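Asks: Structure below; questions to follow.
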Amino acid sequence: MDNAIRLEKVTVNFDDRFALSEIDWTIEKNQHWVITGTNGSGKSALAAVLAGVGDIESGEVSGLPSHVGLVSFEAQAELIAKELKKDDADIMDVISLGTPVHEMIFDNCQDPKLAQELVEKFGLTPLLNRAFRKLSTGETRKVMLIRALSSKPNLLILDEPFDGLDAATLTMLQEHLISIVDTVPMVLVLNRFDEMPDFITHVAYMDKSALESKKTPKNRSEKAAIESGKLALTVDKNNEQAFHELYQLLHIKTTDLSVPEADPTNKLPELDPSQPLVKLKQATIKYGDTVIVDKLDWTIEQGQHWQLSGPNGSGKTCVLSLITGDHPQCYTNDIFVFGFQRGNGESIWQIKQFIGYVSTALQWEYRVSTSCRNVIISGFFDSIGMYSKSSDKQKAIADQWLELLGMKDRANQPFNKLSYGDQRLLLIARAMVKHPPLLILDEPCLGLDDMNRQLVLALIEKICEGQETTVLYVNHHAEDQIKGIENYLGLVKNS
Amino acid sequence: MANYFNTLPLREQLAQLAKCRFMSMSEFDDGVDALKGKKIVVIGCGAQGLNQGLNLRDSGLDVSYTLRAAAIAEKRQSWKNATENGFVVGTYEELIPTADVVLNLTPDKQHTPVVKTVMPLMKQGACLSYSHGFNIVEEGMQIREDLTVIMVAPKCPGSEVRAEYVRGFGVPTLIAVHEDNDPKGEGLALAKAYAVGTGGHKAGVLMSSFIAEVKSDLMGEQTILCGMLQTGSILCFDKMIEEGIDAGYASRLIQYGWETVTEALKYGGVTNMLDRLSNPAKIKAFDLSEELKVIMRPLYNKHQDDIISGHFSQTMMEDWANDDKNLLGWRAETAETNFEKTPAGDVEISEQEFFDNGILMVAMVKAGVELAFETMTAAGIVAESAYYESLHETPLIANTIARKKLYEMNATISDTAEYGCYLYNHACLPLLADFMKDIKTDVIGKGLSTDDNGVDNARLIEVNAALRSHPVEAIGTVLRGHMADMKKIV
Ligand SMILES: NC(=O)c1ccc[n+]([C@@H]2O[C@H](COP(=O)([O-])OP(=O)(O)OC[C@H]3O[C@@H](n4cnc5c(N)ncnc54)[C@H](OP(=O)(O)O)[C@@H]3O)[C@@H](O)[C@H]2O)c1
């Protein structure tokens, strides 16, 4: 292959059921890729595009290789279906045994010598005369692999090649792949990171696309019928940091672990469900003659998720700190929070116990030499650092969170040695650990790169699944939407 | 007004000096209850006033501020501090008569006029609180008999008092009740509630006396804390220049060196600070510090003696009465020192290099800490108190030098500390002149040459044992252990 394979803003449809939207992807010579991603995000579809499958609706595809070796469950199913059809066709005649294995392998074979070698290695010799359709799934897989490998392809696409193979075959296959790394570029679709061979140079991460298909649907039901995926990120494997983060992202997206429970031995006081969580009346913040927030009325009912937006300097963080009690002028305003009318002898710790809070400022303030586990546990105490003894139960809950984050092995590592993105994830877990009635996410993605933004949003989506927590999300990035938020408050800058 | 301490019989003086007990967490189970619903009025809204007030209010207490009329009329910084933070601000006449508790957080120098002005306005049976006992102990201020007098003294600058509270913690705090003024016997309950309100109870509270607080606080601040660091800075800098070390490098090594080496002190005491050195360097630092201790001991004794006898406060008050002539003169001199005038060079110095090339600085800190501690305990001050006033606070002052060098360090610390610092500096510079003649760049500026890395085992064992067995290390291990249990924060 002389040229790179290039997909530019490519949108591909598959049977009107699924679409890949606006894929930008380049595979250079000498690169070996893994495609990974969430379920239903179109990993196999993307691989298949390289083999010429799907209707290209828009965009440019160039450099597709002339001969692609493709092994996938879809291709396997297709071949078997074809065999079974033959069977049907012959039904009036003699009972057909179907195509024998040796024919499947050696007819039209480009490299019989290699095919023979692999037949022996994979232990297929005794099965050569057996009908292909009589084989077990694993055996069919091996046949598919041999066909693809001995076809002298100039691109090899292996979709979940290691699934359903016994350990011995797996090792042999992996060895063989290593032996051909210099001759043919490979694209592997893999669900699991730990299966990734060392020779892989790049990883593509697919996610379900939030964007609707470009076709304007005629009615709602059609809209619902179309799902689409996008190529969310690509990572160079040499970039260890990014690679690790991708691993975490996949973990959070695909784990079936649910959010750990709150500490059952330390229950928060009950809130009166008929009362709002927060009620600001004519809230005003000013410094000298400068008015930052001007007569704001705002009520947050329980279960009512809000997004707060506004340009820099419009007082978003100030408004939040009136709620959290961090702004000194909360004592000069009419503020009702969590059953307290502020300024009547309550302490800020009585307020903070109901709130989980994440912001960039918190991360800056969290300059502590404490362990990752303690950072999570500190959420039970609303403290920065740990000053109280934690219970075994709290430690266990923190460990469950670490597992959810894909950071199980980091429980005792110092927090301040973590990457910026990992710190943010831990602080989000810290905010959620007590299942607060109000979770305040103040620009949780601010300062994060694309990968970490994805990670943080994945985590937030995960923790918002079916929780009784009310979310207050502050953001001005339109693309970082969180599902289920229906109330918006926009602040404007006071001049 | 007579020096209160000097009016007491010896028996009582000794008893008061020795008063110091580390309180257990369970003694604070009543939280802020004793102050709940009471009206707290703070006089002055500076470093301590503002930050203590913010904490007390966030703990659910009723806090307002009274300022002198001029500060309100001119909308001075103290007025801005209070109003921008949403506090009620009023004149003495408006607020003092309504107060159940009055916190006097004005500069120590102003205490006599301030207390004399507000006392007649105070409610019958109210409480007057201080964060430093100078006015009561050294000036012998007499307080109306019906008033309760307490002290709650955070052992950190005001900004730390606030920052630690916001994190959910607090700073170590010393509390005391003035026994002559505890008519209702509620002084201790009020002081404990106040300590809880500022968050101090989480970091450890010492139950002490006005006298022990003043006599140890003055000693610590003028010797090891400010005096030793100032004198050390000047001597080390001048020596490096004399030996041809780049001025920018020398300035940086000193400005940030104290902070770096005392960071190790904060975590693991003198032992840990010296353990950061190579073995030969450690022995060198140890030997230098032994020499320094012999030379400086009479000076430490003199400072402690003058503090105990009241001679120190008397001369300082004379200077106050003389429009601060000495203080202002010394302040101007400090601005003219070479170290002060040479900005830190744009060179990278690694954390370890501050130790390796600053052996003499390490020796000076060790000598100063141990001497201050030994002198205080010899004068009858309890080890816990002596620890807080020497070793514990050294990194805090080192931090102000890193941020602001000497002139600003002196402007930041209290007037009493500054006055004492200059006294120490003036006596100590000539005292160490001979010692400094033998000092070369191997112990300040360049570090030991690497080819003499061998040490004698027996000597090393001796040095390590001596370091570890010093009494400041024993009490430090206990008190830091308490902090570390709770506080895992930098
Ligand atoms: N700084 C520390 O690290 C520390 C630690 C523990 C205890 N303390 C103690 O805390 C107390 C206060 O110290 P600080 O450092 O907070 O002082 P500060 O920052 O200098 O603040 C003093 C406040 O008092 C006001 N004030 C000054 N002169 C006054 C006068 N004649 N009458 C009325 N108000 C006056 C000032 O406001 P205006 O000038 O605008 O009126 C200012 O708001 C002292 O007793 C000190 O020993 C300090």
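Asks: Residues that are within 14 Å of chain B (Cβ to nearest Cβ) and either surrounded by fewer than 21 Cβ atoms within 10 Å (Cβ to Cβ) or closer than 26 Å to B:Thr83 by Cβ (or both): does the range A:268-284 have at least one?
Replies: Yes, because at least one residue in the range A:268-284 is within 14 Å of chain B (Cβ to nearest Cβ) and either surrounded by fewer than 21 Cβ atoms within 10 Å (Cβ to Cβ) or closer than 26 Å to B:Thr83 by Cβ (or both).
Asks: When you scan the range A:340-358, how many residues do you find that are outside any strand (DSSP E or B) and either over 21 Å from B:Phe87 (Cα atoms) or touching a residue at least 60 places away in the same chain (Cβ under 8 Å) (or both)?
Replies: Of all residues in the range A:340-358, those outside any strand (DSSP E or B) come to A:342-354.
Within this subset, residues satisfying the condition of being either over 21 Å from B:Phe87 (Cα atoms) or touching a residue at least 60 places away in the same chain (Cβ under 8 Å) (or both) are A:352-354.
Total satisfying the criteria: 3.
Asks: Which residue out of B:Val166, B:Val152, B:Val161, B:Val137 is near the ligand (Cβ under 10 Å from one of its atoms) and either touching a Phe, Trp or Tyr at 6+ places or on another chain (Cβ under 7 Å) or open to solvent by 10 Å² or more (accessible area, probe 1.4 Å) (or both)? Even if it seems obvious, please write down each step before you answer.
Replies: Details: B:Val166 fails: near the ligand (Cβ under 10 Å from one of its atoms); B:Val161 fails: either touching a Phe, Trp or Tyr at 6+ places or on another chain (Cβ under 7 Å) or open to solvent by 10 Å² or more (accessible area, probe 1.4 Å) (or both); B:Val137 fails: near the ligand (Cβ under 10 Å from one of its atoms).
Checking each option against the conditions leaves just B:Val152.
Asks: Same structure, new question: If a residue has to be among the hydrophobic types (A, V, I, L, M, F, W, C), modelled with pLDDT of 85 or more and over 19 Å from the mean Cα position of the chain (by Cα) to count, how many in the range A:394-440 make the cut?
Replies: 11
Asks: On to the next question. Which condition does A:Ala232 not pass, out of (1) assigned by TED's automatic domain parsing to the domain that holds A:Leu190; (2) open to solvent by 50 Å² or more (accessible area, probe 1.4 Å); (3) small (Gly, Ala, Ser), if it passes all the others?
Replies: Here A:Ala232 meets the rest and fails (2).
Asks: On to the next question. When you look at A:Val293, is it within 14 Å of chain B (Cβ to nearest Cβ) and in contact (Cβ under 8 Å) with a residue 12 or more places away in the chain, yes or no?
Replies: yes
Asks: Okay, next question. Identify the residue in the range B:140-149 that is away from the ligand (no atom under 14 Å from the Cβ) and among the hydrophobic types (A, V, I, L, M, F, W, C) and, among all such residues, is farthest from the other protein chains (Cβ to nearest Cβ). If you could, list the steps in order and put the result at the bottom.
Replies: If we filter the range B:140-149 for residues that are away from the ligand (no atom under 14 Å from the Cβ), which is where we start, we get B:140, B:142-148.
Those still in the list that are among the hydrophobic types (A, V, I, L, M, F, W, C) too: B:143, B:147.
Values: B:Ile143: 29, B:Leu147: 25 Å.
Looking at the filtered set, the residue picked out is B:Ile143.
Asks: Output the helices (runs of 4 or more DSSP H) that fall wholly within the range A:359-433 and possess 3 or more residues being open to solvent by less than 20 Å² (accessible area, probe 1.4 Å), touching a Pro at 6+ places or on another chain (Cβ under 8 Å) and within 14 Å of chain B (Cβ to nearest Cβ), or say none.
Replies: Correct list: empty, since no element meets the threshold.
Asks: Looking at the range B:120-134 only, could you name the residues that are open to solvent by less than 10 Å² (accessible area, probe 1.4 Å) and within 12 Å of the ligand (Cβ to nearest atom)?
Replies: Within the range B:120-134, B:Ser129, B:Tyr130, B:Gly133, B:Phe134 meet the criteria.
Asks: In the range B:61-70, which residue that is surrounded by fewer than 21 Cβ atoms within 10 Å (Cβ to Cβ) and within 11 Å of the ligand (Cβ to nearest atom) is farthest from B:Leu121 (Cα to Cα)?
Replies: Result: B:Ala70.
Asks: Moving to a separate point now. Take the conditions in the same structural domain as B:Glu186 (by TED's automatic domain parsing) and under 22 Å from B:Thr173 (Cβ atoms) and apply them to B:Thr117. Does it pass?
Replies: Values: in the same structural domain as B:Glu186 (by TED's automatic domain parsing): yes; under 22 Å from B:Thr173 (Cβ atoms): no.
No.
Asks: Related question: For the range B:334-350, which positions are surrounded by 13 or more Cβ atoms within 10 Å (Cβ to Cβ) and part of a helix (DSSP H, G or I)?
Replies: Across the range B:334-350, the qualifying residues are B:Thr334, B:Ala335, B:Asn338, B:Phe339, B:Glu340.
Asks: Looking at the range A:322-343, which of the residues that are open to solvent by less than 50 Å² (accessible area, probe 1.4 Å) and among the small types (Gly, Ala, Ser) is farthest from the other protein chains (Cβ to nearest Cβ)?
Replies: That would be A:Gly343.
Asks: Restricting to the range A:142-156, name every residue that is open to solvent by less than 10 Å² (accessible area, probe 1.4 Å) and either in contact with a Pro (Cβ under 8 Å, 6 or more places away or on another chain) or among the small types (Gly, Ala, Ser) (or both).
Replies: Of everything in the range A:142-156, those that are open to solvent by less than 10 Å² (accessible area, probe 1.4 Å) and either in contact with a Pro (Cβ under 8 Å, 6 or more places away or on another chain) or among the small types (Gly, Ala, Ser) (or both) turn out to be A:Leu145, A:Ala148, A:Ser150, A:Leu155, A:Leu156.
Asks: For the range B:94-119, how many residues meet the condition of being more than 11 Å from the ligand (Cβ to nearest atom) and touching a strand residue (DSSP E or B) at 6+ places or on another chain (Cβ under 9 Å)?
Replies: Residues meeting the conditions: 9.
Asks: Right, another one. Go through (1) more than 17 Å from A:Ser347 (Cβ to Cβ); (2) within 12 Å of the ligand (Cβ to nearest atom); (3) buried (at least 19 other Cβ atoms within 10 Å of the Cβ) for B:Glu74 and report which single condition fails.
Replies: (3)
Asks: Of all residues in the range B:105-119, count the ones that are modelled with pLDDT of 95 or more and either open to solvent by less than 50 Å² (accessible area, probe 1.4 Å) or farther than 27 Å from B:Val161 by Cα (or both).
Replies: 10
Asks: Report yes if some residue within the range B:385-401 is over 17 Å from B:Tyr424 (Cβ atoms) and of a type in the set (Asp, Glu); otherwise report no.
Replies: no
Asks: Filter the range B:157-207 for residues that are assigned to a strand (DSSP E or B) and under 16 Å from the mean Cα position of the chain (by Cα) and give the result.
Replies: Matches in the range B:157-207: B:Thr173, B:Leu174, B:Ile175, B:Val205, B:Leu206.
Asks: So for the range B:12-26 (the condition being modelled with pLDDT of 95 or more, more than 26 Å from B:Arg144 (Cα to Cα) and not aliphatic (A, V, I, L, M)), does at least one residue qualify?
Replies: no
To keep it simple, each residue is scored yes or no on (1) surrounded by fewer than 21 Cβ atoms within 10 Å (Cβ to Cβ); (2) more than 14 Å from chain A (Cβ to nearest Cβ); (3) out of contact with any Cys (no Cβ under 9 Å at 6 or more places or on another chain).
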| site | (1), (2), (3) |
| --- | --- |
| B:Met1 | yes, yes, yes |
| B:Tyr4 | no, yes, yes |
| B:Thr7 | yes, yes, yes |
| B:Gln13 | yes, yes, yes |
| B:Leu17 | no, yes, yes |
| B:Asp33 | yes, no, yes |
| B:Gln48 | no, yes, yes |
| B:Asn55 | no, no, yes |
| B:Ser59 | no, no, yes |
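Asks: Hey, another quick one. Of all residues in the range B:392-408, count the ones that are under 19 Å from B:Thr262 (Cα atoms), part of a helix (DSSP H, G or I), touching an Asp or Glu at 6+ places or on another chain (Cβ under 9 Å) and not β-branched (Val, Ile, Thr).
Replies: 8
Asks: So, one more: So for the range B:354-366 (the condition being buried (at least 24 other Cβ atoms within 10 Å of the Cβ), small (Gly, Ala, Ser) and closer than 12 Å to B:Met219 by Cα), does at least one residue qualify?
Replies: No, there is no match, as no residue in the range B:354-366 is buried (at least 24 other Cβ atoms within 10 Å of the Cβ), small (Gly, Ala, Ser) and closer than 12 Å to B:Met219 by Cα.
Asks: Any residue in the range B:100-114 that is away from chain A (no Cβ under 14 Å) sitting within a Cβ distance under 6 Å of a residue that is part of a helix (DSSP H, G or I) and within 6 Å of the ligand (Cβ to nearest atom)? List the pairs, counting only those 6 or more apart or interchain.
Replies: Going by the 6 Å Cβ cut-off, the qualifying pairs are B:Leu105/B:Gln48; B:Leu105/B:Gly49; B:Thr106/B:Val114.
Asks: Is the range B:408-421 home to any residue that is more than 15 Å from the ligand (Cβ to nearest atom), crowded, with 17+ Cβ neighbours inside 10 Å and not polar (S, T, N, Q)?
Replies: For the range B:408-421, residues more than 15 Å from the ligand (Cβ to nearest atom), crowded, with 17+ Cβ neighbours inside 10 Å and not polar (S, T, N, Q): absent.
Per-residue answers, yes or no, for (1) open to solvent by less than 80 Å² (accessible area, probe 1.4 Å); (2) more than 29 Å from the chain's Cα centre (by Cα):
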{"residue": "A:Leu50", "(1), (2)": "yes, no"}
{"residue": "A:Asp55", "(1), (2)": "no, no"}
{"residue": "A:Ser58", "(1), (2)": "yes, no"}
{"residue": "A:Ser62", "(1), (2)": "yes, no"}
{"residue": "A:Pro65", "(1), (2)": "yes, yes"}
{"residue": "A:Val71", "(1), (2)": "yes, no"}
{"residue": "A:Ala75", "(1), (2)": "yes, no"}
{"residue": "A:Glu78", "(1), (2)": "no, yes"}
{"residue": "A:Lys82", "(1), (2)": "no, yes"}
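The values are calculated or read from the model by the stated rules, or taken from the named source; none is laboratory data. What you are looking at is a predicted structure, and each value in this text was computed from that prediction instead of being measured. All Cβ positions, even for glycine, are placed from backbone atoms using ideal geometry, and neighbour counts span all protein chains on display. Just the protein is used for accessible areas: all its heavy atoms, side chains included, with ligands, DNA and RNA removed. Shrake-Rupley method; radii C 1.70, N 1.55, O 1.52, S 1.80 Å.
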